[in-house]
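The values are calculated or read from the model by the stated rules, or taken from the named source; none is laboratory data. Keep in mind it's a predicted model, so treat the numbers as computed, not measured. So basically every Cβ, Gly included, is an ideal-geometry build from the backbone, and we count neighbours across all protein chains shown.
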Number of protein chains: 2
Amino acid sequence: MTEVTPRFFEDYAAGQTFTFGDYAMSEREIIAFATAYDPQPFHLQRQPPLHAAHHELIASGWHTAAVTMRLLVDHIVPEEAILPSPGCDELRFHRPVKPEDRLAVRLTVIDARPSQTKPDRGIVRWKVETLNQRGELVMSLISINFFRRRVRETPSGSSRGGGFVDPLPVSRPGVPSKM
Amino acid sequence: MTEVTPRFFEDYAAGQTFTFGDYAMSEREIIAFATAYDPQPFHLQRQPPLHAAHHELIASGWHTAAVTMRLLVDHIVPEEAILPSPGCDELRFHRPVKPEDRLAVRLTVIDARPSQTKPDRGIVRWKVETLNQRGELVMSLISINFFRRRVRETPSGSSRGGGFVDPLPVSRPGVPSKM
């Protein structure tokens, strides 16, 4: 999958799933990320000291989270319709990520509801699952997202939503899974 | 504060707070992180296009999370006693982080309890708050951490906990706040 398909709030419905991505985790990148942001021995060294909690090199969980974001941006985050996220819940690291692992994302729409206070947007909750090349779950989280709604013509002929107009036809939200 | 003070499970108690760090967010680093992991226009450009959700350059939330981890590792994560974290809850982005912001962390111990199943460790929940140079909250999360317990001599004279021995005297957990 390379196309961004669901874009506006109205494109999302509970139960939709999308699977995408193939991100190769290199030893070099694992060590570079950890050197900058999570310099614990088992994120920096092939053979961490014996007292370390892991005895092999594994990726920082925040690195796995960052790669997951990259896969979301490349494959599904709609630049014209997504608004800043308030955050996420239940971020969990299930299995270590190691050099040469290849990561993909499986996204499931939990629910989608219009904002009670802002008519130009809706709230979509995703379950985001990061999988390795064996299909094993390595990370998961519940993401809270605000999406713009499509601009509708009002009876007076003016549009709401700040003047933004959706310029493209709507494509079907279902996207073939690669995994 | 530059010393790592609380190290083992026994050093933690509900209500303790620690404040540390002074991480300068540069425009260059904000753009480099986003180029790799979160290439949305408002994380890449000083002047994002008008349709973008933000009209100025702000750091990726995952970048702020990674910097927060760096401050935790530099100031409080005890290499000899921390075990892999199962994850975190209630990750929230409260305010944008912008170039030249300086970030610090305020950590509050929510609770600390022995593991019911593994006698060598305990579970400590932290509230982690990331603050900017004005003391404004930019990010928060609840972190779940496993810490090793100090090795105790048993009546038979053998030690439990896999042979790891705490080699250093215990220092007082209270650490002066810098903020």
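For region B:28-46, which residues satisfy the criterion of being touching an Asp or Glu at 6+ places or on another chain (Cβ under 8 Å) and touching a residue at least 12 places away in the same chain (Cβ under 8 Å)? Once the filter is applied, which keeps residues that are touching an Asp or Glu at 6+ places or on another chain (Cβ under 8 Å) and touching a residue at least 12 places away in the same chain (Cβ under 8 Å), region B:28-46 yields B:GLN40, B:PHE42, B:ARG46. Among the residues of region A:93-103, those that are surrounded by 19 or more Cβ atoms within 10 Å (Cβ to Cβ) and over 14 Å from A:PHE20 (Cβ atoms) comprise A:PHE93, A:VAL97, A:ASP101. Whenever a residue of region B:110-131 is over 18 Å from B:LEU91 (Cα atoms), its partners that are of a type in the set (Phe, Trp, Tyr) and surrounded by 18 or more Cβ atoms within 10 Å (Cβ to Cβ), lying with C-beta atoms within less than 7 angstrom and at least six residues away or across chains, give the pairs B:ALA112/B:PHE9; B:ALA112/B:TYR12; B:ARG121/B:PHE9; B:ARG121/B:PHE146; B:ARG121/B:PHE147; B:GLY122/B:PHE9; B:GLY122/B:PHE147; B:ILE123/B:PHE146.
Filtering region A:33-46 to residues that are over 18 Å from B:TYR37 (Cβ atoms), facing chain B (nearest Cβ under 9 Å) and not in a loop (DSSP other than H, G, I, E, B) leaves A:PRO41, A:PHE42. Quick one: is A:PHE9 touching a Gly at 6+ places or on another chain (Cβ under 9 Å) and closer than 30 Å to A:ARG148 by Cβ? When the stated conditions are applied, A:PHE9 passes them. Quick one: in region B:61-98, which of the residues that are in contact with a helix residue (DSSP H, G or I) (Cβ under 6 Å, 6 or more places away or on another chain) and more than 7 Å from chain A (Cβ to nearest Cβ) is nearest to B:LYS118 (Cα to Cα)? Top of the filtered list is B:HIS63.
Might you let me know whether region B:109-117 holds any residue that is away from chain A (no Cβ under 14 Å), in contact with a Lys or Arg (Cβ under 7 Å, 6 or more places away or on another chain) and among the charged types (D, E, K, R)? Yes, the conditions are met somewhere in region B:109-117.
Among the conditions (1) in contact (Cβ under 8 Å) with a residue 40 or more places away in the chain; (2) within 13 Å of chain A (Cβ to nearest Cβ), the only one that B:ASP22 does not satisfy is (2). Residues that are of a type in the set (D, E, K, R) and in contact (Cβ under 8 Å) with a residue 60 or more places away in the chain were ranked within region B:82-102; the one that is nearest to B:PRO6 (Cα to Cα) is B:ARG102. Within region A:2-10, is there a residue that is within 13 Å of another protein chain (Cβ to nearest Cβ) and over 19 Å from the mean Cα position of the chain (by Cα)? Checking region A:2-10: not a single residue is within 13 Å of another protein chain (Cβ to nearest Cβ) and over 19 Å from the mean Cα position of the chain (by Cα). For region A:71-86, the set of residues classified as surrounded by fewer than 21 Cβ atoms within 10 Å (Cβ to Cβ) and either outside any helix (DSSP H, G or I) or modelled with pLDDT of 95 or more (or both) consists of A:VAL77, A:PRO78, A:GLU79, A:GLU80, A:LEU83, A:PRO84, A:SER85, A:PRO86, listed by residue number. The residue that is farthest from A:ALA53 (Cα to Cα), counting only those in region B:109-133 that are surrounded by fewer than 16 Cβ atoms within 10 Å (Cβ to Cβ) and among the polar types (S, T, N, Q), is B:GLN133.
Only a single item in (1) within 12 Å of chain A (Cβ to nearest Cβ); (2) crowded, with 21+ Cβ neighbours inside 10 Å; (3) in a helix (DSSP H, G or I); (4) among the β-branched types (Val, Ile, Thr) is not met by B:ILE30, and it is number (1).
Taking B:ARG106, is it crowded, with 18+ Cβ neighbours inside 10 Å and in contact with a strand residue (DSSP E or B) (Cβ under 6 Å, 6 or more places away or on another chain)? The answer is yes for B:ARG106.
Residues of region A:47-60 that are surrounded by fewer than 16 Cβ atoms within 10 Å (Cβ to Cβ), free of Cβ contacts under 8 Å to residues at least 24 places away in the same chain and more than 7 Å from every other protein chain (Cβ to nearest Cβ): A:GLN47, A:PRO49, A:LEU50, A:HIS55.
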